[in-house]
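A short write-up of the structure that comes next.
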Amino acid sequence: MALISKDELLKDSMVSIGYHVLVLLEKAEGERISLAALMNSLKKQQITRYRPIMFALIFLHSIGAIDFKAPYVYTL
């Protein structure tokens, strides 16, 4: 499985979205951000496709970079 497809925009790839999520978490106070704030920040960057956002979050969780405790996303 390729991380980036030649048929999609680079800004919509799970790698790019994962990077944006990590940057937002780095800037967040307390190393956490709510899912609503995360989605609003991504929407401001015109990232609105659901599937790559979910794949990026799943990927970051699977490598141990983030964790979820509703309604927040935490850095590890």
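Being part of a helix (DSSP H, G or I), at pLDDT below 95 and of a type in the set (Lys, Arg) is the requirement here; does LYS11 meet it?
When the stated conditions are applied, LYS11 passes them.
Pick from the range 23-54 the residues that are under 15 Å from TYR74 (Cβ atoms) and surrounded by 15 or more Cβ atoms within 10 Å (Cβ to Cβ): which of them is modelled with the lowest pLDDT?
ALA28
Take the residues in the range 55-71 that are of a type in the set (A, V, I, L, M) and over 14 Å from VAL15 (Cβ atoms), then tell me which one is surrounded by the most Cβ atoms within 10 Å (Cβ to Cβ).
ILE66
When you go through (1) surrounded by fewer than 12 Cβ atoms within 10 Å (Cβ to Cβ); (2) modelled with pLDDT of 90 or more; (3) outside any loop (DSSP other than H, G, I, E, B) one by one for HIS20, which number turns out not to apply?
Only one criterion is unmet by HIS20, namely (1).
Could you look through the range 23-36, keep only residues that are in a helix (DSSP H, G or I) and in contact (Cβ under 8 Å) with a residue 12 or more places away in the chain, and pick out the one that is nearest to PHE68 (Cα to Cα)?
LEU35
The values are calculated or read from the model by the stated rules, or taken from the named source; none is laboratory data. What you see is a predicted model, and the numbers here were worked out from it, not measured in a lab. Methodologically, a virtual Cβ is constructed for each residue, glycine included, from the backbone with ideal geometry; neighbour enumeration extends over all protein chains shown.
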